[in-house]
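Here the structure comes first, spelled out in structure tokens, and everything after it is commentary.
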Amino acid sequence: MTAPIRVLVADDEKNLRELMVRELGRKGHAVSGVADGRAALEQLKEDLPDVLLLDMKMPNVEGIEVLRELQDFAETPQVIVMTGFQEVSTAVEAMKLGAYDYVTKPFKLDEIKLTIANALERKRLQDENRELRTQLRRERGFESFVGKSRQMVELLEVIRKTADGLSTVMVTGESGTGKELVAQAIHQESPRRAGPFVSVNCGAIPETLMESELFGHVKGAFTGAVANTVGLFSAANGGSLFLDEVTEVPQSVQVKLLRAIQEREIRRVGDTRDVKVDVRLIAASNRDVAKAVADGILREDLFYRLNVIPINLPPLRERREDIPLLAAHFVRKISHELGKSVKGVSPEALAILEAYRWPGNIRELENVIERALVLGSGDTLEADALPPDLQQPRTHQDVTVEIPADGLDLEATLEQIEHRYLQMALARTGGVQTRAAELLRVSFRQFRYKLQKHSQRTPAQG
């Protein structure tokens, strides 16, 4: 049964106060009345109502002072001000202090009932919005992180300290370790949480479109530019921009990215004007970023601008104590999504999960749990529902290599090995290059570059 709406009537006119208490009570509301502002404040501190009907002219403490006192309350009711016709300016001031609406005396009871109904609808929407924001922070803030290992405790502390500032963050770690999750948590825990969070995988954008995607373009800037386009920097204005696989940004665009970070302004392709942007930049890469700088892939000056606050995510195999908690979390989450009632993981299945090396990290664990829940049955995830390759013991042996007596061409040998792995990955994935790239733990752009390199070196067959 729904609890009755609680209403407090604060008015020094006894007849009007008692009339409203009686009539609103007939609608099923829980109504009480007080005769002055001081009594209203005492009542508000003891038991906060849903709606406060507040007269502006009262002895001891006037209505406007009650509203000012309410500014210090953690929560406030929906306030409807009652005022005389000559005191409309006071009612306007009251609304600036947070009152929902006002009615002028004398008023009809139907008018006050309708105003209360509208105020309650506003409260419902505010509560719903607050709950959605709370849920979003649970999903993308600190509460989205599962684990009690030392690495996780340290990671959360770094995120907590990082969130409030504007400094650029560089998140590194293997694929599947949760780099975007970290970026979302930094955004959700920051003062920018009400602003947009824009995410882009730089490795998925063709080099020729990279500048336009990031900074936008004006109509006619190039063939096909039929309209002005807002870039990702402008789209993220007032919020955070997450650049995943930032080492895939071409050198020609890196210069402009560096300027955007330093000057906090951008220039759209084909434009002559600079545009100010207010964006928190978070970058990420699954590569060794220092090596990318040494190899000339990433500009050194850009690296130092991006790497103000470095965050390195450990692979799952280095925090095995978190696997039981992660497995339980994914079982709850995915079984709920599938409409199944699965209570947990059996000891045998958990032992297999803890022994596996997880090259795909948390993403691979989640996929394995989902597959097991889809194909399995019963209220417990059993070992026989896990993929066979997880249950096979893995032996880690050194690769045997030999150097011929007359030596070898190391570069040519490594090229042959690389070419063989590329062909094997393509064969296993049915020629799907994106999946083959994932299998070899390289970006799609790196994979495509290596394929082109080897095809140019392969002699034509005739």
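The values are calculated or read from the model by the stated rules, or taken from the named source; none is laboratory data. Keep in mind it's a predicted model, so treat the numbers as computed, not measured. In this analysis, Cβ positions are derived from the backbone assuming ideal geometry, glycine residues included, and neighbour counts consider all displayed protein chains. Only protein heavy atoms, including side chains, enter the accessible area calculation; ligands, DNA and RNA are left aside. Shrake-Rupley method; radii C 1.70, N 1.55, O 1.52, S 1.80 Å.
Report, to the nearest whole %, how much of the accessible area of region 1-128 belongs to carbon and sulfur atoms, 1.4 Å probe, protein only. Don't skip to the answer; put the middle values down first.
Values: 3380 of 7100 Å².
Of all accessible area on region 1-128, carbon and sulfur atoms account for 48 percent.
Residues whose amide H falls under 5 Å from that of residue 311, counting only those 5 or more places apart or on a different chain, are 170, 171, 172, with hydrogens built in the peptide plane.
Within region 163-270, all pairs of alpha-carbon atoms sorted by distance into 5 Å bins from zero give the percentages 2, 12, 20, 23, 20, 13, 5, 3, 0.
Within the chain, the longest run free of chymotrypsin sites (Phe, Trp or Tyr not before Pro) that sit in a DSSP loop with at most 14 other Cβ atoms within 10 Å is 223-462. Normalising the Debye intensity of region 1-56 to I(0), with uniform scatterers on Cα atoms only, and taking log10 at q = 0.16, 0.18, 0.20 Å⁻¹ returns -0.43, -0.54, -0.66.
Pairs spanning more than 28 Å between alpha-carbon atoms, out of 148/291; 45/123; 148/343; 96/161: 148/291; 96/161.
Full extension from residue 409 to residue 223: what is 0.36 nm times the residue separation minus their Cα-Cα distance, to one decimal in nm?
Net length gain for the segment: 62.3 nm.
Which of rounded, prolate or oblate describes region 42-112 when judged by the alpha-carbon gyration tensor and an a/c cut-off of 1.5? It comes out prolate by the Cα gyration axes. For region 167-217, with all protein chains in place and a probe radius of 1.4 Å, 49% of the accessible heavy-atom surface sits on carbon or sulfur. For residue 345, nonlocal amide neighbours, meaning residues 5 or more places apart or on other chains whose placed amide H falls under 5 Å from its own, are 381.
Enumerate the aspartates and glutamates that residue 333 could reach by cross-link, defined here as Cα to Cα under 13 Å, with residues fewer than 8 away along the same chain left out. Candidates past the 8-residue exclusion: 139, 366, 370. Each Lys and Arg contributes +1 and each Asp and Glu -1, all at the Cβ; summed about the Cα centre of region 258-373, the dipole is approximately 260 debye.
With an 8 Å Cα cut-off and a minimum separation of 6 or more residues, compute the relative contact order for region 238-305 in percent.
Details: 76 pairs, mean separation 30.7, N = 68.
In percent, rounded to a whole number, it is 45.
From the alpha carbon centroid of region 339-385 to that of region 158-207 is 29 Å.
For region 288-424, just say rounded, prolate or oblate: build the C-alpha gyration tensor, square-root its eigenvalues into a ≥ b ≥ c, call rounded for a/c under 1.5, and beyond that prolate if a/b exceeds b/c, oblate if not.
Values: a/c = 2.92, a/b = 1.59, b/c = 1.83.
Here region 288-424 falls in the oblate category.
Contact order for the chain, expressed relative to its length and based on alpha carbon pairs under 8 Å spaced 6+ residues apart, stands at 11 percent. Solvent-accessible surface of the chain, averaged per residue with a 1.4 angstrom probe and all protein chains in place: 56 square angstrom.
Assuming R0 = 30 Å, can you tell me the calculated FRET efficiency for the pair residue 117 and residue 153, based on Cβ-Cβ distance, to the nearest 0.05?
Details: r = 49 Å, r/R0 = 1.63.
E(calc), rounded to 0.05, equals 0.05.
The lysines whose alpha-carbon is closer than 17 Å to the alpha-carbon of residue 57, local same-chain residues fewer than 8 away aside, are 14, 105.
Amide H contacts of residue 31 (H built 1.01 Å from N, in plane; Pro and chain starts excluded): 7 sit under 5 Å, all sequence-distant by 5 or more or on other chains. This structure gives Rg/Rh (Cα atoms, Kirkwood Rh), computed directly, and of (1) 1.04; (2) 1.13; (3) 0.97 that value is listed as (2). Would you mind classifying region 271-313 by shape? Square roots of the alpha carbon gyration tensor eigenvalues, ordered a ≥ b ≥ c; an a/c under 1.5 is rounded, otherwise it is prolate if a/b is larger than b/c and oblate if not. Because a/c hits 1.5 or more and a/b fails to exceed b/c, region 271-313 counts as oblate.
Give the longest segment of the chain that steers clear of GluC sites (Glu not before Pro) in DSSP loops with at most 12 neighbouring Cβ atoms within 10 Å, not counting the sites themselves. My reading of the result: 76-401 is the longest stretch. About the centre of its Cα atoms, the chain shows a dipole size close to 740 debye [charges on the beta carbon of Lys, Arg (+1) and Asp, Glu (-1) only; nearest 20 debye]. Ranking 377, 361, 390 by how far each Cα lies toward the positive end of the dipole of region 354-393 (charges on Cβ) leaves 361 at the top. Using the rule -39500 (n - 2.57) for each DSSP H run of four or more residues, divided by the residues of the chain, the 222 nm mean residue ellipticity is -14500 deg cm²/dmol. Any idea which of 24, 41, 7 is furthest toward the positive side of the dipole for region 1-54, if Lys and Arg beta-carbons carry +1 and Asp and Glu beta-carbons -1? Toward the positive end, the furthest listed residue is 24.
The simple Förster model, with R0 at 22 Å and r as the Cβ-Cβ distance, assigns residue 418 and residue 294 a FRET efficiency of 0.65.
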